[in-house]
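The values are calculated or read from the model by the stated rules, or taken from the named source; none is laboratory data. Since we're looking at a predicted model, the values are computed, not measured. When we count neighbours, we look across all protein chains shown, and the Cβ atoms used for this are built from the backbone with ideal geometry, even at glycine.
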Ligand SMILES: Cc1cc2nc3c(=O)[nH]c(=O)nc-3n(C[C@H](O)[C@H](O)[C@H](O)COP(=O)(O)OP(=O)(O)OC[C@H]3O[C@@H](n4cnc5c(N)ncnc54)[C@H](O)[C@@H]3O)c2cc1C
Ligand code: FES
């Protein structure tokens with residue numbers, strides 16, 4: 001059952017992205033997620049970007065409703081759930097789109113991080129100024145409005161003892177091809193229902209993303225035939241990633 005909390009602030013980060021602060025701090029490892037409940041819409045997974053906030057990209061009915069919440073509105077929270085990132089020294093944090101926000105708590109917990117960030121436009125490069133205070137930031141945007149013009153993979157490889165990757169699955173698959181899998185961790189997204197390992201909805205080549213992940217070592221991900229290829233839709237049918 002979700003615990004009820006109230007929205008403290010709805011902060012617009014970009015035309016498509018909002019950070020929702022709530023009146024409850026969650027003790028979590030970076031990369032763990034919450035099942036967020038809204039009346040009549042049910043529950044969906046979101047990674048904590050602050051101990052008391054999630055950062056949401058508008059993608060469909062649930063995220064549109066989240067983006068429209070106002071201070072004082074109720075919100076249900078279940079978690080923290082899943083396995084997050086291990087702590088790393090001098091990691092390269094590689095983020096794409098809203099995946100950048102999902103790396104924020106890891107950045108704050110890491111010693112001397114460096115950042116490799118990609119998005120369609122400058123507006124998608126979330127927390128850019130905050131990250132610049134923590135370490136070097138390399139940026140690529142598809143329209144060239146910030147940093148180099150191109151995809152985030154054009155900035156790779158960078159030298160680092162460890163790598164954390166979070167973003168669209170095709171972007172993560174392309175990054176994994178360029179990184180040492182034994183020193184890389186990736187956060188996989190799948191449609192979730194129970195989020196406690198029972199229903200099998202979130203499977204990725206037999207791994208349950210909700211309890212075995214969402215963060216997996218690159219050596220495991222490299223062996224997952226489903227990664228970058230197929231996932232179960234809400235109906236349970238397979239669809240291409
Ligand atoms: C562990 C985990 C953590 C997540 N953290 C965040 C986060 O911090 N911020 C954020 O904005 N989003 C996050 N997501 C994705 C978020 O849950 C979906 O964007 C949301 O469920 C979309 O719901 P909707 O009704 O708005 O859109 P829908 O209409 O349900 O979906 C819109 C589009 O997103 C795709 N989609 C929906 N759910 C998923 C999913 N689970 N995996 C891959 N694609 C999906 C659909 O195929 C469709 O193309 C996370 C997902 C997982 C599994
Ligand atoms: S969502 Fe049910 S097993 Fe993962």
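With respect to being part of a strand (DSSP E or B), touching a strand residue (DSSP E or B) at 6+ places or on another chain (Cβ under 7 Å) and over 28 Å from residue 151 (Cα atoms), residue 8 fits the description. Here the stretch 194-230 is the region considered, the condition is being away from ligand 1 (no atom under 15 Å from the Cβ) and either out of contact with any strand residue (DSSP E or B) (no Cβ under 8 Å at 6 or more places or on another chain) or in the same structural domain as residue 36 (by TED's automatic domain parsing) (or both), and the residue that is nearest to residue 44 (Cα to Cα) is 198.
State whether one or more residues within the stretch 88-99 are more than 14 Å from the chain's Cα centre (by Cα) and surrounded by 23 or more Cβ atoms within 10 Å (Cβ to Cβ).
Yes: the stretch 88-99 contains one or more residues that are more than 14 Å from the chain's Cα centre (by Cα) and surrounded by 23 or more Cβ atoms within 10 Å (Cβ to Cβ).
Note on the stretch 143-193: residues that are over 19 Å from residue 226 (Cβ atoms) and within 16 Å of ligand 1 (Cβ to nearest atom) total 1. If you go through the stretch 46-66 one residue at a time, do you hit one that is within 16 Å of ligand 2 (Cβ to nearest atom), crowded, with 17+ Cβ neighbours inside 10 Å and under 14 Å from the mean Cα position of the chain (by Cα)? Yes, some residue in the stretch 46-66 is within 16 Å of ligand 2 (Cβ to nearest atom), crowded, with 17+ Cβ neighbours inside 10 Å and under 14 Å from the mean Cα position of the chain (by Cα).
Listed here are the residues, each with its yes/no results for (1) within 10 Å of ligand 1 (Cβ to nearest atom); (2) out of contact with any helix residue (DSSP H, G or I) (no Cβ under 9 Å at 6 or more places or on another chain).
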{"site": "6", "(1), (2)": "no, yes"}
{"site": "9", "(1), (2)": "no, yes"}
{"site": "15", "(1), (2)": "no, no"}
{"site": "23", "(1), (2)": "no, yes"}
{"site": "33", "(1), (2)": "yes, no"}
{"site": "41", "(1), (2)": "yes, no"}
{"site": "50", "(1), (2)": "no, no"}
{"site": "57", "(1), (2)": "yes, no"}
